[in-house]
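Heads up: the structure comes next, in structure tokens.
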Amino acid sequence: MIPYSKQHICDDDIAAVVDVLRSTHLTQGEKVTEFEQAIANRVGAEHAIATNSGTSALHIACLALGVSQGDYVWTSPISFVASSNSALYCGAQVDFVDVEPHSGNMDMEELACKLAQAKLDNCLPKAIIVVHLCGAPCDLAKLAKLAKQYHFKIIEDACHALGASYENTPIGKSEYSDITVFSFHAVKNLTTAEGGMALTQSNELANAMRLLASHGITKDPQQFVEQSVGDWYHEQQLLGFNYRMSDIHAALGLAQLNKFDEMQRQRASAVEYYQTSLQGICTWLGANDNSKSANHLFVIQVPKAKRKTLFDKLRESNIWVQVHYMNIASQPYYRDLGFNSDEYPVANQVSDCSISLPVFAGIKQTEQHKVINIIKENLCS
């Protein structure tokens, strides 16, 4: 079976995890701190807070920015549901902004129009969560300009985008945003099995997110409200969550980071092979000229009438393709909230025509060739 993505685990990854299992700290030891610092250094962020999932990181990002009951948060309808769910967890009202047809990312022209109307209606968003779909960054400079004009906060859902860059700046630096979030789920470009991270340049936001990820508890004397009475003393300063990453997961992440550049090179090579082979056969979602994609996914766009037949044929051939993503507004839960997916026609088009092809470090060209031949047979006949 050829999956659409899979983890790339080597002996050094296994050895790193075993070393932790044989150590005295499985959960809150030095590896989490090392991993946070390594990712922060790589992308140029001042602070990094490791979590047990990308979803957890999105949740604490919203909370740290003060998102609460009665606030509005906007995001993309073409994403995993965690992008919007994280705002609902805070009691906010969610809305969506339609996407660009060529990238599947939030359309900044649509956003500008929606913001202008929201200002008239007195319902401007407190925060906007933009998604770097497939690892291709959205237009952050235009977004930041709108944020300055309309006074909203920006969260980058970069769960696909470790290794990507925008105008030669690494995604994760949060140069145009308040907080950036990564995911290290098993199918991501770098995995900790499960895990995530929130990155920011703000001391205040970092302190808040670190508290939120660890029950609202601090053991740092410099953060205490009251005077410490002994080494056992700690304070719960707010209502937090158990969103912490373990040393076991962080050790795997550190080992993965040692070969991340090579894994990224292999992904880029696989995507280039698809693009060359499928030129004129179909189109695909891709990055804008001012950015570099992390190539987390390679999503082709095929005629809606042919999508299911091609999808089924690939699956029957033991090629486990997937769809990224169904329009979130079409999900039953969101329909019950009053959403109508027809209000986001480009998102519907992108969703209805998408098939994610296999892309991962270590994929063989013979495997890709099998995929390509089936596509040609079904789209060129």
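Mind checking which residues of region 324-361 are of a type in the set (Val, Ile, Thr) and open to solvent by less than 10 Å² (accessible area, probe 1.4 Å)? Hits for region 324-361 are Ile328, Val350, Ile355, Val359.
Of all residues in region 243-277, which are of a type in the set (Val, Ile, Thr), farther than 30 Å from His25 by Cβ and open to solvent by 30 Å² or more (accessible area, probe 1.4 Å)? Steps first, answer last, please.
If we filter region 243-277 for residues that are of a type in the set (Val, Ile, Thr), which is where we start, we get 248, 271, 276.
Those left that are additionally farther than 30 Å from His25 by Cβ: 271, 276.
Within region 243-277, Thr276 is the sole residue that qualifies.
The residues on offer are Ser68, Ser5, and the sole one that is among the polar types (S, T, N, Q) and either in contact with a Pro (Cβ under 8 Å, 6 or more places away or on another chain) or surrounded by 22 or more Cβ atoms within 10 Å (Cβ to Cβ) (or both) is Ser5. On the stretch given as region 130-170, residues that are within 16 Å of Ala57 (Cα to Cα), assigned to a loop (DSSP other than H, G, I, E, B) and touching a strand residue (DSSP E or B) at 6+ places or on another chain (Cβ under 6 Å) total 3. With respect to the conditions (1) open to solvent by 10 Å² or more (accessible area, probe 1.4 Å); (2) farther than 20 Å from Cys134 by Cβ; (3) touching a Ser or Thr at 6+ places or on another chain (Cβ under 7 Å), Ser165 falls short on a single one, namely (2).
For Glu30, are the conditions met, namely being over 30 Å from Asp342 (Cα atoms), open to solvent by 40 Å² or more (accessible area, probe 1.4 Å), in contact with a Leu (Cβ under 9 Å, 6 or more places away or on another chain) and in contact (Cβ under 8 Å) with a residue 60 or more places away in the chain? Spell out the reasoning first.
Details: over 30 Å from Asp342 (Cα atoms): yes; open to solvent by 40 Å² or more (accessible area, probe 1.4 Å): yes; in contact with a Leu (Cβ under 9 Å, 6 or more places away or on another chain): no; in contact (Cβ under 8 Å) with a residue 60 or more places away in the chain: yes.
No; evaluated as a whole, the condition is false for this residue.
The number of residues in region 124-145 being open to solvent by 20 Å² or more (accessible area, probe 1.4 Å) and either in contact with a helix residue (DSSP H, G or I) (Cβ under 7 Å, 6 or more places away or on another chain) or at pLDDT below 95 (or both) comes to 3. For the structure I just gave you, tell me whether Leu88 is surrounded by fewer than 24 Cβ atoms within 10 Å (Cβ to Cβ), under 12 Å from Thr75 (Cα atoms) and either of a type outside the set (Lys, Arg) or under 18 Å from the mean Cα position of the chain (by Cα) (or both). Yes.
Would you mind finding the one in Cys123, Cys62 that is part of a loop (DSSP other than H, G, I, E, B) and over 30 Å from Val20 (Cβ atoms)? I'd like the intermediate steps shown before the answer.
Details: Cys62 fails: part of a loop (DSSP other than H, G, I, E, B).
Going through Cys123, Cys62 in turn, just one is part of a loop (DSSP other than H, G, I, E, B) and over 30 Å from Val20 (Cβ atoms): Cys123.
For region 146-162, a residue qualifies if it is open to solvent by 10 Å² or more (accessible area, probe 1.4 Å) and small (Gly, Ala, Ser), and exactly one does: Ala147.
The values are calculated or read from the model by the stated rules, or taken from the named source; none is laboratory data. Keep in mind that this is a model prediction, so the values were computed, not measured. Virtual Cβ from ideal backbone geometry, glycine too; neighbours counted across all protein chains shown. Surface areas here come from the heavy atoms of the whole protein model, side chains and all, with no ligands, DNA or RNA. Shrake-Rupley method; radii C 1.70, N 1.55, O 1.52, S 1.80 Å.
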